[in-house]
Amino acid sequence: MVDRGEGGTYLLLLARSGDPDAPGKRAPTTLLLVPTDSPGIEMRYIPKLGMRAMGSCEVFLDDVFVPDSQLLGTEHQGFKVLLTSLNNERVMSGALALGMLDGILEESVEYAKNRMTFGKVIGGHQIIQHYIADTVLGQKQSELMVFDAAWREASSLPCHQEANMVKVVTSELAVAAADRGIQILGGMGISSETHAQRFWRDLRQFRIAPISNEMARNNLAESFGLPRSY
Ligand SMILES: Cc1cc2nc3c(=O)[nH]c(=O)nc-3n(C[C@H](O)[C@H](O)[C@H](O)COP(=O)(O)OP(=O)(O)OC[C@H]3O[C@@H](n4cnc5c(N)ncnc54)[C@H](O)[C@@H]3O)c2cc1C
C-alpha cells in the first residue's frame, strides 16, 4: 500500500520462497521490506470508490534485488510473522468504522435539528428519529465490541475470534448507518459539500478489507468445529 505510488518509501512484501509444494500447512513465504526506489519496481495507481486519502497501487516487480538487511523475521516463515498483525488490523478497522459512525451520528443529528421542510424541522418526524436511533444503537454496539477486542488484545488474551467479530459487526453497522446518514440529509447527502457521501464511500471497503466478511464468517464457523469450507 503506497501513496499514489509516489509517497511510499517501503513496500511490505510477502514473497513466495522455496518449494510451493513442500509438505506443511502453508507454502513457504518470506516477509521483506522493499524500498520503493529499488530498480525493477513499477507501481500503477488504482483510482477507487473511497478511502482516497490512502493510495492503492498495482505493484510489478521485475528482478528486484532485496538485501539481507531488509528481511523481516525468519526466512520462509513470512506468514507466521504477518499473523501477529492480523488481529490488530481487524480491531483497528473496527475502530476506524466506529470513528466514522460517530461522524455520521453527529452530522445526522445536526442536520435533523436544523433542516426545515413544510414549516417543521425534519428531526421532528418519527421516521427520522428512528433512523437516528438505529445509528445510536449501531454506534453503541460497535463501541462495546471494539473496546472488548482491543482490551483483550492489549491484555495478551486470545482474541482471534473477537477480532473477526468486531470487524464484521462494525463494518455492517457502519455501512448501514452511512446509508441512513445520506437518507437523513436527502439531496445534501449526495453533495460533496457534506461528509455523508464520503462516509458511505469510505466505509464500503470495510466489508471487504482487510478480510472479507464472508471469510471472517468462515473462520468463525470453523472455530465451532465445522469443517474448513475453503
Ligand atoms: C482499499 C483496499 C486496500 C487493501 N490493502 C491491502 C494491503 O495493504 N495489503 C494486502 O495484502 N491486501 C490489501 N487489500 C486486499 C484485501 O485484503 C482483499 O481485497 C480481501 O481480502 C478480499 O480479497 P479479494 O479482493 O481477492 O476478493 P476475492 O477473494 O476475489 O473474493 C470475492 C468475493 O468472493 C467471496 N469469497 C472468496 N472466497 C470465499 C470463500 N472461500 N467463501 C466464501 N466467500 C468467498 C469474498 O468474500 C468476496 O465477497 C486491500 C483491499 C482494498 C479494497
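Bear in mind that the values in this text are calculations on the coordinates, not laboratory data. In this text the structure is predicted, and so the values were computed from the model without any measurement. Because the Cβ atoms are built from the backbone with ideal geometry, glycine has one as well, and the counts that use them run over all protein chains shown.
How would R152, R26 line up from fewest to most surrounding beta-carbon atoms within 10 angstrom?
Lowest to highest Cβ neighbour count: R26, R152.
Using amide H atoms built in the peptide plane, which far-off residues or other-chain residues are under 5 Å from C57 H to H?
Amide H neighbours of C57, under 5 Å, 5+ apart: V2, I46.
Mind checking the alpha-carbon convex hull of the chain and giving the volume per residue in Å³?
155
How do F79, F65, F118 rank when sorted from fewest to most other Cβ atoms within 10 Å of their own Cβ?
Fewest-to-most Cβ neighbours within 10 Å comes out as F118, F65, F79.
Quick one: net charge around G94, please, counting Lys, Arg +1 and Asp, Glu -1 for every other residue with C-beta under 14 Å from its C-beta.
Spelling it out: positives minus negatives among the neighbours equals -2.
With no solvent and one point per C-alpha, what does the Debye sum give as log10 I(q)/I(0) for region 95-227 at q = 0.11, 0.14 Å⁻¹?
-0.45, -0.66
Between L82 and K48, what is the spin-label point distance in nm, taking each point 7 Å from the Cα along the Cα→C-beta axis?
Rounded to a tenth, the inter-label distance reads 1.6 nm.
Mind sorting H125, H160 by how few other Cβ atoms lie within 10 Å of their own Cβ, fewest first?
The most exposed by this proxy come first: H125, H160.
For V59, what charge total do you get from the other residues with a beta carbon under 9 Å from its beta carbon, if Lys and Arg give +1 and Asp and Glu give -1?
-1
Hey, what do the phi angles of region 106-120 turn into as Karplus ³J(HN,Hα) couplings, whole Hz, using 6.51/-1.76/1.60 and θ = phi - 60°, x for Gly and Pro?
Listing the rounded values in order: 4, 5, 5, 5, 4, 5, 4, 7, 10, 6, 9, 9, 6, x, 10 Hz.
Provide, in order from the shortest bin, the percent of all Cα-Cα pairs of region 170-230 in each 5 Å bin, continuing until the bin that contains the maximum pair distance.
For region 170-230, the pair-distance distribution reads 4, 19, 20, 15, 12, 10, 8, 6, 5, 2.
So what are the ³J(HN,Hα) numbers for region 216-230, from phi and the Karplus equation (6.51, -1.76, 1.60; θ = phi - 60°), rounded to whole Hz, Gly and Pro as x?
Listing the rounded values in order: 5, 5, 4, 4, 5, 5, 4, 5, 9, x, 7, x, 4, 9, 9 Hz.
Non-local amide H neighbours of G8 (under 5 Å, H modeled in plane, Pro and chain starts lacking H): which ones?
D3
Given +1 on the Cβ of Lys and Arg, -1 on the Cβ of Asp and Glu, and no further charges, what dipole in debye does region 1-144 carry about its Cα centre, rounded to the nearest 20?
That gives a dipole near 720 debye.
Multiply the residue gap between L137 and L220 by 0.36 nm, knock off their C-alpha separation, and tell me the result in nm, one decimal place.
Value of the extension gain: 27.5 nm.
Where does the charge balance sit around L49 when Lys and Arg score +1, Asp and Glu -1, over other residues with C-beta under 10 Å from its C-beta?
Neighbourhood net charge equals +3.
Using the alpha-carbon atoms, what tilt in degrees (0 to 90, nearest 10) does helix 160-185 show relative to the longest principal axis of the chain?
The two axes meet at around 40 degrees.
How large is ³J(HN,Hα), in whole Hz, for each residue of region 22-38 in order, when computed from phi with the Karplus curve 6.51 cos²θ - 1.76 cosθ + 1.60 and θ = phi - 60°, using x for Gly and Pro?
These are the phi-based 3J(HN,Hα) values: 4, x, x, 5, 10, 5, x, 9, 10, 9, 10, 9, 9, x, 6, 8, 5 Hz.
Just report the Cα centroid separation between region 160-230 and region 67-102, whole Å.
19
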